[in-house]
1. So Thr65 clears everything in (1) hydroxyl-bearing (Ser, Thr, Tyr); (2) over 30 Å from Asp134 (Cα atoms); (3) touching a helix residue (DSSP H, G or I) at 6+ places or on another chain (Cβ under 8 Å) except one condition, right? Which one?
2. Quick check on Pro72: is it modelled with pLDDT under 50 and either under 27 Å from Pro136 (Cβ atoms) or assigned to a loop (DSSP other than H, G, I, E, B) (or both)?
3. Please go through segment 13-45 and give me each residue that is of a type in the set (A, V, I, L, M, F, W, C), within 30 Å of Val128 (Cβ to Cβ) and without any contact (Cβ under 8 Å) to a residue 24 or more places away in the chain, ordered by number.
4. Identify the residue in segment 88-126 that is surrounded by fewer than 12 Cβ atoms within 10 Å (Cβ to Cβ) and closer than 30 Å to Glu164 by Cβ and, among all such residues, is modelled with the lowest pLDDT.
5. Take the residues in segment 46-64 that are assigned to a loop (DSSP other than H, G, I, E, B) and in contact (Cβ under 8 Å) with a residue 60 or more places away in the chain, then tell me which one is surrounded by the fewest Cβ atoms within 10 Å (Cβ to Cβ).
6. Looking only at residues that are touching a strand residue (DSSP E or B) at 6+ places or on another chain (Cβ under 7 Å) and assigned to a loop (DSSP other than H, G, I, E, B) in segment 137-176, which one is modelled with the lowest pLDDT?
Amino acid sequence: MTTRRARAVLLLEVLVSLAILVTMSMAIGAVVRDTSGRLIRSGFRVEGEDQARSALAQIEAGIATPESLSGPVPAWDREGALIELGDEIGPRSSDEIGLGQGSDEPSGWSLEIETQPSPFDGLTLVSVRAVRDDDPAVSAVLHQLVRLGSEGADGVGELDEITERAGEGAGRGRRP
């Protein structure tokens, strides 16, 4: 009878161990799935921030307007990003940069761009929200004060009214 009882206890121990193993495996699997999903969403957020930064840079440089950038973002076309110049690939100087055509395929991102007047003369508050088309919960929002104009003006080294006022404030030992 003791042998039978020992076998029953051993079987019970094996079943309890197996149940613990299965439970722990399921818990570890859930943690790995959750972490993997968070990592993917984090990568998407970084990509969204990059989309928003690119849009703000284009608006600030006068290359594009908020209205022209709002909506679906075309996919990046590396081949067509810079136009080949003769036998050389890429620009030889900054004056020879030619923007190629974007891809016809969507990138999976959309931009929502809003502008608001700011209390600073000549500056507009531009808010860019990049939203993932297949998961609207994944988005990135950036805000920046931008000097909007009809065309980008090349004024390297020139001081404008805002820069002069900032310099005056700095000269008096206070923040501009």
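The values are calculated or read from the model by the stated rules, or taken from the named source; none is laboratory data. Note that the structure is a prediction, hence the values are computed from the model and not measured. Neighbour counts are summed over all protein chains in view; Cβ atoms, including those assigned to glycine, are modelled from backbone coordinates with ideal geometry.
1. (2)
2. no
3. Leu39, Ile40
4. The qualifying residue modelled with the lowest pLDDT is Ser94.
5. The extreme case among them is Ile63.
6. Applying the filter and picking the extreme gives Leu148.
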